[in-house]
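Novice: Can you read through this structure? Questions will come right after.
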Amino acid sequence: MNIYTLIVEQIQKALKKLGIKTEEVLLEHPNELSNGDFSTNIAMMCAKHEGKNPKELAERIVEILNKKKTDEIEKIEVAGPGFINFHLSREFFTAQTEMIINQKEKWGKNETLKGKKVMVEYTDPNPFKEMHIGHLMANAIGESIARLIENSGAETIRANYQGDVGLHVAKAIYGMTELKEKNVTVKYLGEAYAYGAKAYENNVKAKETIDEINKKVYSKGDVVVDELYKRGREVSLEHFEEIYKKLGTKFDKYYFESEMVGVGKKFVEENKKVFEESDGAIVYRGEKHGLHTRVFITSEGLPTYETKDLGLATQKFNDYSLDLSITITAEEQKEYFKVMRAAFGEVHPKLEKKMLHITHGMMRLPSGKMSSRKGDVISAESLLAEVEKAVEEKMKDRDIKDKEAVAESISVGGLKFSILKQATGRDIVFDFDKALSFEGDSGPYLQYAHTRSLALLSKGGEGDVKDAPKVVTELERILYRFPEIAKRAKVEYEPHHVTVYLTELASAFNSWYANVPVIGGKNEKYGLALTRAFQITMQNGLWLLGIKTPEHM
RNA sequence: GCCCCCGUAGUUCAAUGGAUAGAAUAAAUCUCUCCUAAGGAUUAGAUGCAGGUUCGAUUCCUGCCGAGGGCACCA
């Protein structure tokens, strides 16, 4: 039995003895460690109905609890307006340290999703266009959520839905026909897209041509367009693979918009009663669900994103018997998704309940929103390169193995940390200087603490828990909370709980490290065991964030 | 106009209805003959406004102010 349920049970028994009807007993960790390791407000909750003074009631509960106090609990006391605080004992923490060391990579895992099949779709870049930092954000969040789910025992399928048809493709192909470059590179595709996008806005004739190309991409009847399309798509996708590799994501399933056209159209055609015709287009009236109307098939007969997404939803559930299908996109798609989902739900009400849309905020610059029109959209590649350059600069005087690989781990980790340190839904103000400084709360801060622990272990060897000192350290009082943090982050789909926790943990380790000598210290053996427990927790925690742990830095 | 999201130190972010609202950064001051100073220690600094619910509100409700996103053939 874990410590949480043990304490709750004891409290419930005490309440019963006092003849108080037990409501749900909840424990929390006091913000202030001096207030103990667990705390309950049950006396304050019950005092109301019982017509008693909360503090006196708390004292009576504590009196009973003290009679049957177990080894895990050091002391129980009443504090503040009527909190009951539990301080855990040396025995408890020593046992935890030992358990962490024994569990190794299993430490922090749970089985709350055992036997479930969950798909997480994220990143979703568009071939023919550059991946920008918005995609980086979706990737970091999606990868971490996928890992949190995997950590809970579910079979996790990482999916990526890439927009290989649509107006942006037509614009790029138009650019290619005008620029006529033989050697198709990513850079060239970017230029071609920019050329086409500009022409689409400024030149009526070009706009007509591009709209024509758009239709040809769908119908696949034009040899020239098909050839350019095939080549451009291939180059784009290869380039994306390089970025995924760098970021540490391995997708299990790729979906493409072009493949969803047929499935989506079929959905609309077979469920005509769900939709209606309006001004030559086929629309769905979201108003019946408090939403808004959206076009699914244009008056030109082309399926919109909405229809393709219906196809995607259908396809996902056909391909896998999913218990949960998560889609991660930017916030701007939130309202749209509700409408698409409502339409899907009219046909598949049960499947619709298994869909979950998680939105992340926008990446902003301190100067304001990024826009492609102003040309201040930062590409994923250039950002990664820039951060890596800064890391290498910082490392230039250091003599370590695999410098390049380490620099990559640090830069990617730093970037991911800055995305995952705050709640998912919120915008991120991306400040280059701050992102590159890597001081204080940052990816390298965590990685650095981890490499220090590894260095200690390689020097001092493995320790032993038998040697534990009387005094419990702050580090120990934070360490054992890791599994509940991982669980909470999974339940809330919020990786930032892990980030915040690890920062606190690293801070406790660094502080301990700076103030007590481990090797040659009074309790060297236990110190080394504790160092190992920290190392395991930090490694497993960083894994949940998709951040690598270099051995040296 | 309607619908969603948000408003916390100078700045960037935390806080399952709880205790003295935490960090980081910028500022000031210490700290490497001692296990990696990308570190550690100390000091100063915040809940947009007005009500309500509650023993207790940054958190829930209402109104106002401010910022962002969405609202028909783009994705």
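Novice: Under 1.5 on a/c is rounded, so check that first for segment A:287-363, then, if it is not, pick prolate when a/b is larger than b/c and oblate when it is not; a ≥ b ≥ c are the square roots of the alpha carbon gyration tensor eigenvalues.
Specialist: Rounded shape, in that the Cα axes give a/c under 1.5.
Novice: Determine the dipole magnitude for segment A:32-155: charges of +1 sit on the beta-carbon of Lys and Arg, -1 on that of Asp and Glu, nothing else is charged, the reference point is the Cα centre, and the result goes in debye to the nearest 20.
Specialist: It comes to approximately 340 debye.
Novice: Taking 60 Å as R0, compute the FRET efficiency from the Cβ-Cβ separation of A:Glu208 and A:His552 and round it to 0.05.
Specialist: Efficiency, rounded to the nearest 0.05: 0.50.
Novice: Taking a cut-off of 13 Å between Cα atoms, list the aspartates and glutamates near A:Lys114, but don't count ones fewer than 8 places away on the same chain.
Specialist: A:Glu150, A:Glu155, A:Asp323
Novice: Ok, one more. What's the local net charge at A:Pro303, with K and R +1, D and E -1, over the other residues with C-beta under 11 Å away?
Specialist: Around A:Pro303, the charge tally is -2.
Novice: Further question on the same structure: Where does each of A:Thr293, A:Thr123, A:Thr304, A:Thr329 land when they are ranked from fewest to most other beta-carbon atoms within 10 angstrom?
Specialist: A:Thr293, A:Thr304, A:Thr329, A:Thr123
Novice: List the relative contact order of segment A:102-203 as a percent without decimals, with contacts defined as Cα pairs under 8 Å and 6+ residues apart.
Specialist: Averaging sequence separation for qualifying contacts and normalising by length gives 31 percent for segment A:102-203.
Novice: Quickly estimate the mean residue ellipticity at 222 nm for chain A, helices only: each DSSP H run with n ≥ 4 gives -39500 (n - 2.57), and the total goes over all residues, rounded to 500.
Specialist: Taken over chain A, the calculation gives -18000 deg cm²/dmol.
Novice: If you put +1 on each Lys and Arg Cβ and -1 on each Asp and Glu Cβ, how big is the dipole of chain A around its Cα centre, in Debye rounded to 20?
Specialist: Dipole magnitude for chain A comes out near 1040 debye.
Novice: Another question about this same structure. What number, in percent, do you get for the relative contact order of segment A:163-251 if the mean sequence gap of Cα pairs under 8 Å and at least 6 apart is divided by its residue count?
Specialist: 33 percent.
Novice: Would you report the distance distribution of C-alpha pairs in chain A as whole percents per 20 angstrom bin, up to the bin with the largest distance?
Specialist: 18, 43, 28, 10, 0
Novice: Let me know the charge dipole size of segment A:483-553 about its Cα centre in debye, to the nearest 20, where only the beta-carbon of Lys, Arg (+1) and Asp, Glu (-1) is charged.
Specialist: Computed about the Cα centre, the dipole is about 180 debye.
Novice: Working from Cα positions, state the angle (0 to 90°, nearest 10) between the long axis of helix A:3-17 and the longest principal axis of chain A.
Specialist: That works out to roughly 60 degrees.
Novice: Can you tell me the orientation of helix A:482-492 relative to chain A, as the angle in degrees between its alpha-carbon axis and the longest Cα principal axis, to the nearest 10?
Specialist: Between helix and principal axis, roughly 40 degrees.
Novice: Hey, another quick one. Please arrange A:Ile478, A:Ile400 by how many other C-beta atoms lie within 10 Å of their C-beta, fewest to most.
Specialist: Placing the least packed residue first, the sequence is A:Ile400, A:Ile478.
Novice: Separate question: Pull up the cross-link candidates among the aspartates and glutamates for A:Lys466, meaning alpha carbon to alpha carbon under 12 Å and not fewer than 8 places away within one chain.
Specialist: Candidates past the 8-residue exclusion: A:Glu91, A:Glu98, A:Glu524.
Novice: Going by alpha carbons, how many degrees (0 to 90, nearest 10) lie between the helix axis of A:403-420 and the longest principal axis of chain A?
Specialist: 90 degrees
Novice: What does the convex hull of the Cα atoms of segment A:380-545 come to per residue, in Å³, rounded to a whole number?
Specialist: Spelled out: Cα convex hull of segment A:380-545, divided by residues, is 123 Å³.
Novice: Also, I was wondering about something else. Beyond 15 Å, what share of the Cα-Cα pairs of segment A:3-88 remains, rounded to the nearest whole percent?
Specialist: Looking at segment A:3-88, the distances longer than 15 Å represent 51 percent of pairs.
Novice: Can you tally the net charge around A:Gly264? Count Lys and Arg as +1, Asp and Glu as -1, for every other residue whose Cβ sits under 12 Å from the Cβ of A:Gly264.
Specialist: -3
Novice: A further question follows. For chain A, what does the relative contact order come out to in percent, with C-alpha contacts under 8 Å and a separation of six or more?
Specialist: Averaging sequence separation for qualifying contacts and normalising by length gives 15 percent for chain A.
Novice: Averaged over every viewing direction, what's the projected area of the C-alpha convex hull for segment A:56-167? Give it in nm², one decimal, please.
Specialist: Average projection, Cα convex hull of segment A:56-167: 13.0 nm².
Novice: How large is log10 I(q)/I(0) at q = 0.12, 0.13, 0.15 Å⁻¹ when the Debye formula is applied to the Cα atoms of segment A:163-251, each weighted equally and without solvent?
Specialist: -0.37, -0.42, -0.55
Novice: Can you sort A:Asp252, A:Asp399, A:Asp222, A:Asp124 from fewest to most other Cβ atoms within 10 Å of each residue's own Cβ?
Specialist: Going from sparsest to densest Cβ surroundings: A:Asp399, A:Asp252, A:Asp222, A:Asp124.
Novice: Which whole-Hz ³J(HN,Hα) couplings does segment A:139-152 yield from phi under the Karplus relation 6.51 cos²θ - 1.76 cosθ + 1.60, θ = phi - 60°, glycine and proline marked x?
Specialist: 5, 4, 5, x, 4, 5, 5, 4, 5, 4, 6, 4, 4, 9
Novice: What's the local net charge at A:Leu65, with K and R +1, D and E -1, over the other residues with C-beta under 13 Å away?
Specialist: Taking every Cβ under 13 Å from that of A:Leu65, the sum is +2.
Novice: Too long at a 28 Å Cα-Cα cut-off: which of A:Lys246/A:Lys434; A:Lys253/A:Lys353; A:Lys180/A:Lys207; A:Lys230/A:Lys316; A:Lys216/A:Lys273; A:Lys216/A:Lys334?
Specialist: Check vs 28 Å cut-off fails for A:Lys216/A:Lys273; A:Lys216/A:Lys334.
Novice: If you scale each eigenvalue of the Cα gyration tensor by 5 and take the root, what three semi-axes come out for segment A:230-348, rounded to whole angstrom and sorted largest first?
Specialist: 28, 17, 14
Novice: Continuing with the same structure: Can you pick out the pairs among A:Lys13/A:Lys109; A:Lys421/A:Lys548; A:Lys104/A:Lys470 whose Cα atoms lie more than 21 Å from each other?
Specialist: Among A:Lys13/A:Lys109; A:Lys421/A:Lys548; A:Lys104/A:Lys470, the Cα-Cα distance tops 21 Å for A:Lys13/A:Lys109; A:Lys104/A:Lys470.
Any read-out appearing in this document is the output of simple, stated calculations on the displayed coordinates, not a laboratory observation. Just so it is clear, the model here is predicted, and its values are computed rather than measured. Cβ coordinates were reconstructed from backbone atoms using ideal geometry, including for glycine residues, and neighbour counts include every protein chain displayed.
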